[in-house]
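Every number here is computed from the coordinates shown, using simple stated rules; none is lab data. None of these values were measured; they are calculated from a predicted model. Every residue, glycine among them, receives a Cβ derived from its backbone with ideal geometry; neighbour counts consider all protein chains shown.
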Ligand code: TRP
């Protein structure tokens, strides 16, 4: 049976599509959790390049550059390759293989009802979407289960996909035999961080993000332009922190001082400029060690490649074992005595 049945540490799998640099929304939504949890759980991070193809199939060359970019963001943020296995999705063919078997036990209507698929397809303006796009939650279920993950730290938008995975696991286990644990989602403290525009979720495509790799100067400029409480005109006007993005960031990144700032803002005792300066300092303090770690990898890209290669190899070994077990319970293990 399963090779990690009882007492071994629980396994985590999570990951990202390589579609560009990671930002503060990723940090509070999930990265922070991952850095913490890697000490407690056996952690796998998948760079989902096949999933990125669902929307970027016209520029695979860009995706392969972004794979390294995301890996560098992971390492900069404090993911330790000794503790966490970082892997490239397309290099694990067993994930594609599992996806095919899972696709038999998921209905098209289930996929069409998935709220994240719905909103993403609207965002991309698809009136007809590709089979691969509609089906990416099935492939994501294969990502999560190839290593029999128990826990999936993700942002809120991913919850429908984890639900879909749980459904597939239950159905698979019922039909063929208990192979997979039902994974649970773990949402970060700030599952939906606003963007600098104060209207939308922080997102690279909406141009409202502070990236983990931004310089101290860029962070300052971006925060200076951030939208605050529109009712505050004069410096001592009483503020409304509940509508202010800068205050939201204080809550997310400067928790210990958020109460004091809230009181002063409501009393008109701190102006927006001073409040923004404090935030800039806090965020730069958070990002500084990341910048330092990044330099080492930027100077030695072969180090990043080595980490990806080793991690993928380690993951592939596990994927092969899981695939073998999957085929056995499905009675597809032909000629197993011959190899
Ligand atoms: N869909 C996730 C995103 O867009 C990325 C992803 C791919 C993922 N495979 C995964 C997340 C497996 C968690 C588990 O961010």
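Some notes on this structure:
- Working from Cα pairs under 8 Å separated by at least six residues, relative contact order for the range 216-294 is 34 percent.
- Potential lengthening between residue 178 and residue 317 on full extension [0.36 nm per residue; Cα-Cα distance subtracted]: 48.0 nm
- Among 205, 121, 103, residue whose mean-square fluctuation peaks in a GNM of the chain (springs only between Cα atoms under 10 Å): 205
- Stokes-Einstein diffusion coefficient of the range 62-117, Kirkwood radius over Cα pairs, 4 °C, 1.567 mPa s, in µm²/s: 91 µm²/s
- Each Cα pair of the range 110-261 feeds into the Kirkwood radius, which the Stokes-Einstein equation turns, at 10 °C and 1.306 mPa s, into a diffusion coefficient of 85 µm²/s.
- Note: relative contact order over the chain, using C-alpha pairs below 8 Å and six or more positions apart, is 22 percent.
- Largest GNM mean-square fluctuation across 319, 76, 252, computed for the chain with C-alpha springs under 10 Å, falls on 252.
- Take the Cα radius of gyration of the range 53-154 and divide it by 2.2 N^0.38 Å, N being the number of residues; the result is 1.20.
- Here the contact order of the range 184-339, divided by its residue count and restricted to Cα pairs under 8 Å and six or more residues apart, works out to 17 percent.
- Residue ranges 170-178, 77-85 sort as 77-85, 170-178 when ordered by packing (mean number of other C-beta atoms within 10 Å per residue, highest first).
- Residue 259 paired with residue 113, simple spin-label distance in nm, labels 7 Å along Cα-to-beta-carbon: 4.4 nm
- Cα long-axis angle, helix 216-225 against the chain (0 to 90 degrees, to the nearest 10): 70 degrees
- Calculated FRET value between residue 267 and residue 206, using beta carbons and R₀ = 41 Å, to 0.05: 0.80
- Highest-first packing order for the peptide set 330-337, 93-100 is 93-100, 330-337, based on the mean count of other beta carbon atoms within 10 Å.
- For the range 108-160, fraction of C-alpha pairs farther apart than 12 Å, in %: 68 percent
- The orientation-averaged projected area of the convex hull spanned by the Cα atoms of the range 216-294 comes to 5.0 nm².
- The value obtained for the chain, namely the Cα convex hull volume divided by the number of residues, is 150 Å³ per residue.
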